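Accompanying notes for the structure given below.
The values are calculated or read from the model by the stated rules, or taken from the named source; none is laboratory data. Worth saying up front: this structure is predicted, and the values here are computed from it rather than measured. Positions of Cβ are generated from backbone atoms using ideal geometry, with glycine treated the same way; all protein chains shown enter the neighbour counts. Just the protein is used for accessible areas: all its heavy atoms, side chains included, with ligands, DNA and RNA removed. Shrake-Rupley method; radii C 1.70, N 1.55, O 1.52, S 1.80 Å.
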Amino acid sequence: MTSGPYNYSYIFKYIIIGDMGVGKSCLLHQFTDKKFMADCPHTIGVEFGTRIIEVAGQKIKLQIWDTAGQERFRAVTRSYYRGAAGALMVYDITRRSTYNHLSSWLTDTRNLTNPSTVIFLIGNKSDLDAQRDVTYEEAKQFADENGLMFVEASAKTGQNVEEAFLETAKKIYQSIQDGRLDLNAAESGVQHKPASPGRPLAAPPSSRDNCAC
Amino acid sequence: MATSDSEDFESADEGQNTPIKKDRKERLSSSNYTENSRELDHKTKKTQSSSTDTVKNKEEPKSSDGWDDFDIGDDEILVAQNAVPSNTHVLQSNKNETIDSNYSQDKTTKKSEETKSKDTGWDDFDDWGQDDNTIEDPYKPIQTQPTRQETKSIYPDIQEVTEKLANTTTTSTTGGWGWGWSVDSILTTATAGISTLTNQVSQGISTVLETSIGAPDPEELARQTAKEKEAKANSPDGLESNINTNNDKVDPKSTSDAFPFRGLISEVTKFVETTGTKVISGGLGTLETIGKKTMEVLQDGDPGLAKKRALLGLAPDEKPVLSQILREAKAKADEDDRIREEKKEAKEVHYENLFDDFEGLVHLEALEMLSRQVNMRIEERMRGLSPEKRQDLKETLQQVAELCEMPEDDEDDNDPSEDTFKSEAFHERLQTATQDLGLKLQFQPIVKQYTEAIDWLSSGGELTEKQVYKRAVASLAQATALSVELYHKAGEMLLVKPRRSTADEADALTQMTAVLTKHVSELATLFTEKLNELQTENTEQIHNYITNIFLEAGNSSTYIQNAFQLALPILQIGAV
């Protein structure tokens, strides 16, 4: 039970995507429980994880949707992209095919999320450098060309896992501060929830009547 | 090929499943929808040798069968983005509250102070002043005549009053009462608040002017500032005189040099007049709030101001004893603590919060997204049909919906009375209900949760009624969350199920719904029975708890039936 303090100010929705077996669930598990799950069963549809983090003094609840990588679930998981503030796109550095499929994952993400969604590319299994099949440089180039953030990480050792999740949150938070991300939009993937003591820092614009529902 | 495919997938998990089960449960995850010893009931299993790669290879060709048209709806997702998912209403309403509270300054002040005054009124009042103090340059000249008169006539009065009050307090505190500081500080803050307000009002007016006729000549401005400073220096004794001198000094100028465009003046003054009145009436509202608030704070825990009067020496015959005051202060602090504790507890026993914690809300949200997507597909298919075929399709959909109608309560089955068998019986009922579903749903978590609740209640330890109540609400919330998760998983698995048998599936899910709704009411009964057993004088509290538990059980039932309804399109699409 994640019985938690309820005094966080934002909820960010993340979605983790990528081919089967690249380690999506393990990355999530490492991030939420700081443990490595050696024998991770296949995910069915989608699973969830949460963790409360802090960005710029604000408590943020990350609501993470960990999707199934199996091709047969692709149609099901496509239903879940909507309203994601962050998308973690994962490939396995030891399996080139998982890297080659990135453009397809990216297309889905671009089509099914909104323009302000932060997309973070993760090359997982960086601990298996000996079996490397995708160089850092080419992945970095792919990320740069497509305007993605990028790290190589290891769900096993925990290397860069924290960074990937936190950097994504920082970028989303920055978008809110810059006004690029409209909190009132239903699809922003961000919910503002003023903590019980104290007032929210930024007063959200009172434009809810503009909603065209 | 198709059927073996799904089994392949499941058996691939099987070997790995058992050792990590505990881990996974802690995470409350839902992925191990795989075979387990209890559910090894039917169907032949394939060998477990399949590595991830072979599974993948087998799966890949399947990707094109039947499901590729699912993305047709993709465009529509974007179109439908305005729709707000209704199950996020809890958070949504929070958001709305924030927006509301920002609508108008007046409202916010009133509202927040009303709520705050219930707990720690003292600090909050100070905060109020601080918030507004951020406004810079408080001595900007007021450049218009009509508003000047109004401001002048209002503010001195109030300031006089507060200042007088402040003075009185200060003098009386010299008498040595330890309590004087708080009253004193309130009044000073009140004064500060009013002065910032005055400044805000005047600033508002000057901004209006500046923006409507353009900024005044810089030279003129410099001259004014110089005069202002002079005036300030000459009247060191308070804000009141400051404002007055400002007004007096600026005023004649505003009609002469400050406004070179005489033609504009009448228009401008009219505009300013109305704006000014608006600003001032808004300001008055705030002042009223301050006044009310001051009285509230003064009277806080001291109705009729008896104590403060005594402190101020207004009733010299009833001098309070210091120990008495300290005792009261302590009592008040204790009361505050108690209220804070209760609030914290209220959150902990809050059903919706708990339901969210157990991931019920997010499963419901996911199920809703799935349901909506499938509905869109059905509608799409319907649009492409001839009127005749469309009618057929509608009938089919209706038939499936009818299959999913809940039967009337049949209280025929007799519960095994032994607690130890209850959870096993529950597991059996779930399995029987869903045996024609053609999926391997994971019932362990909800069964285990039931077992744990029964064990906890029969552990024989001393339990207070509050403990039982808390556990009851938490158990109901968790059972409901796990039930919703079952519908969500069933929905996902049905959508990738190779061969659909809609009638069986509908029947199975209907039965499962009956079992689950019965389960939550059983769970509630279990806890209320325990509450009734407790030896306590506080019967009224017990009754309240029992009522609440049944209310939450009803809530749980509703959630479960809603989840079932969300699964309906997923059943329907199997038939079309």
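Taken across segment A:51-67, residues that are under 14 Å from A:Ala155 (Cβ atoms) and touching a residue at least 40 places away in the same chain (Cβ under 8 Å) do occur, with at least one present. Go through the residues of segment A:132-145 one by one and say whether even a single one is under 17 Å from A:Gln58 (Cα atoms) and open to solvent by less than 40 Å² (accessible area, probe 1.4 Å). There is no residue in segment A:132-145 that is under 17 Å from A:Gln58 (Cα atoms) and open to solvent by less than 40 Å² (accessible area, probe 1.4 Å). Filtering segment B:330-366 to residues that are loosely packed, with under 12 Cβ neighbours inside 10 Å, more than 27 Å from B:Asn555 (Cα to Cα) and charged (D, E, K, R) leaves B:Lys330, B:Asp334, B:Asp337, B:Arg338. Is it true that some residue in segment A:11-32 is at the interface with chain B (Cβ under 8 Å from one of its Cβ atoms), among the aliphatic types (A, V, I, L, M) and over 30 Å from B:Lys497 (Cα atoms)? Yes - at least one qualifying residue is present in segment A:11-32. Does segment B:438-458 contain any residue that is farther than 13 Å from B:Phe527 by Cα and without any contact (Cβ under 8 Å) to a residue 24 or more places away in the chain? No, there is no match, as no residue in segment B:438-458 is farther than 13 Å from B:Phe527 by Cα and without any contact (Cβ under 8 Å) to a residue 24 or more places away in the chain. For segment B:463-484, a residue qualifies if it is over 20 Å from the mean Cα position of the chain (by Cα) and either open to solvent by 10 Å² or more (accessible area, probe 1.4 Å) or at positive phi (or both), and the qualifying residues are B:Leu463, B:Thr464, B:Glu465, B:Lys466, B:Gln467, B:Tyr469, B:Lys470, B:Arg471, B:Leu482.
Applying the selection to segment A:61-73, what residues are facing chain B (nearest Cβ under 7 Å) and open to solvent by 10 Å² or more (accessible area, probe 1.4 Å)? Even if it seems obvious, please write down each step before you answer.
Initially, segment A:61-73 is screened for residues facing chain B (nearest Cβ under 7 Å), giving A:63, A:70-73.
Within segment A:61-73, A:Gln63, A:Glu71, A:Arg72 meet the criteria.
For residues that are loosely packed, with under 15 Cβ neighbours inside 10 Å and modelled with pLDDT of 95 or more, scanning just segment A:96-127, find the one that is nearest to the other protein chains (Cβ to nearest Cβ). Filtering first and then ranking leaves A:Asn111. For segment A:33-47, the count of residues that are over 21 Å from B:Ala366 (Cβ atoms), more than 10 Å from every other protein chain (Cβ to nearest Cβ) and open to solvent by 10 Å² or more (accessible area, probe 1.4 Å) is at least one.
Put simply, of B:Leu476, B:Leu551, B:Leu566 the only residue that is out of contact with any helix residue (DSSP H, G or I) (no Cβ under 8 Å at 6 or more places or on another chain) and of a type in the set (A, V, I, L, M, F, W, C) is B:Leu551.
Pairs linking a residue in segment B:545-572 that is without any contact (Cβ under 8 Å) to a residue 40 or more places away in the chain to a residue that is of a type outside the set (D, E, K, R), with Cβ atoms under 6 Å and 6 or more positions apart or on different chains, are B:Ile546/B:Thr528; B:Ile546/B:Leu531; B:Phe550/B:Ala524. Listed by position, the strands (runs of 3 or more DSSP E) enclosed by segment A:70-181 that each have at least 2 residues that are among the small types (Gly, Ala, Ser) are A:86-92.
Within segment A:176-188, residues that are under 11 Å from A:Ser116 (Cα atoms) reach partners that are open to solvent by 40 Å² or more (accessible area, probe 1.4 Å) with beta carbons closer than 7 Å, at six or more positions or on different chains, in the pairs A:Ser188/A:Asp182. Taken as a whole, the structure leaves B:Lys489 outside the set of residues that are in contact (Cβ under 8 Å) with a residue 24 or more places away in the chain and outside any helix (DSSP H, G or I).
Do the conditions hold for B:Ile546, that is, is it under 30 Å from B:Arg372 (Cα atoms) and of a type in the set (Val, Ile, Thr)?
Details: under 30 Å from B:Arg372 (Cα atoms): no; of a type in the set (Val, Ile, Thr): yes.
Answer is no for this residue.
Test A:Ile93 against the stated conditions and say whether it is crowded, with 23+ Cβ neighbours inside 10 Å and either β-branched (Val, Ile, Thr) or away from chain B (no Cβ under 11 Å) (or both).
On the way: crowded, with 23+ Cβ neighbours inside 10 Å: yes; either β-branched (Val, Ile, Thr) or away from chain B (no Cβ under 11 Å) (or both): yes.
When the stated conditions are applied, A:Ile93 passes them.
Residue check: A:Arg82 meets all listed conditions (1) open to solvent by 20 Å² or more (accessible area, probe 1.4 Å); (2) among the charged types (D, E, K, R); (3) more than 9 Å from chain B (Cβ to nearest Cβ); (4) under 21 Å from A:Met149 (Cα atoms) but one, namely (3).
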